Amino acid sequence: MDAQKEVNIVLIDDHKLFREGVKRILEFEPAFKVVAEADDGTDAANLVRDNNPDVVLMDINMPKINGVQATADLLRQFPHTKIIILSIHDDENYVTHALKTGAQGYLLKEMDAEALVEAIKVVSEGGSYLHPRITHNLVKEYRRLARENTSSLANRHVEHRKPLHLLTRRECQVLQLLAEGKSNRAVAESLYISEKTVKNHVSNILQKMNVNDRTQAVVCAIRKGWVEVI
């Protein structure tokens, strides 16, 4: 992302203390600016119309209109709006419902600052972003469904093989850890390298695999048998 490009953000969450915490995190990013905020989804359309944000951060649980319904309503009026759902739920039903509605991201509220910043950057550039634990859960569900479908090729035994024709050995290690739902920080700790080095490896992996984000990379790797998720 162009470091000079300002990313305008609308923040919608009914917990004022949480909103204040998110805003303080974003204030440390020079390119980020919270241009408007609200405590309910009923205000979403007006805020988007008046502020033309690059990204909307939307709480999933709100008293009048929940985040999924607000997302659906918002995208009917402004179909190009980029929305990241903020939630305490890691249940697959919540995630899939939000993504089917049109959200480009899904973050758990237990996220750290790094995940929040990374998600906004990725989504503002047109990609999608899921909290690492959500990615891991969805991958496990994909494998479960594949095993249950006896007529599917995906159900056949897959010999896991590292894609050394495409990635370096270190990149293969990083890809495996991404499939296990680890954040950049956790990958760095596992491999005894810096977070900056992890970010460089992830960027290289995405470029070499020709995918937009880590979720696509993990799903693609699972399908090809490049990683193992237990």
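Considering only residues in the range 198-225 that are farther than 23 Å from Leu107 by Cα and in contact with a helix residue (DSSP H, G or I) (Cβ under 7 Å, 6 or more places away or on another chain), the one that is surrounded by the fewest Cβ atoms within 10 Å (Cβ to Cβ) turns out to be Asn204.
When residues in the range 57-88 are screened for being open to solvent by less than 50 Å² (accessible area, probe 1.4 Å), out of contact with any Lys or Arg (no Cβ under 7 Å at 6 or more places or on another chain) and under 17 Å from Glu37 (Cβ atoms), 14 of them pass.
Just one of the listed residues (Asn210, Asn155) is outside the structural domain of Gly127 (by the TED database), at pLDDT below 85 and polar (S, T, N, Q), namely Asn155.
Any residue at all in the range 191-203 that's under 22 Å from Val95 (Cβ atoms), in a helix (DSSP H, G or I) and modelled with pLDDT of 90 or more? Among the residues of the range 191-203, at least one is under 22 Å from Val95 (Cβ atoms), in a helix (DSSP H, G or I) and modelled with pLDDT of 90 or more, which makes the answer yes. Scan the range 50-61 and tell me whether some residue there is assigned to a helix (DSSP H, G or I) and at pLDDT 90 or above. Yes; the residues of the range 50-61 include at least one that is assigned to a helix (DSSP H, G or I) and at pLDDT 90 or above.
The values are calculated or read from the model by the stated rules, or taken from the named source; none is laboratory data. Here the structure is a predicted model, which is why all the values come from computation and not from measurement. Using ideal geometry, Cβ is built from the backbone for each residue, glycine included, and neighbour counts are taken over all protein chains shown. Side chains are part of the model used for accessible areas, which takes the heavy atoms of the whole protein and leaves out ligands, DNA and RNA. Shrake-Rupley method; radii C 1.70, N 1.55, O 1.52, S 1.80 Å.
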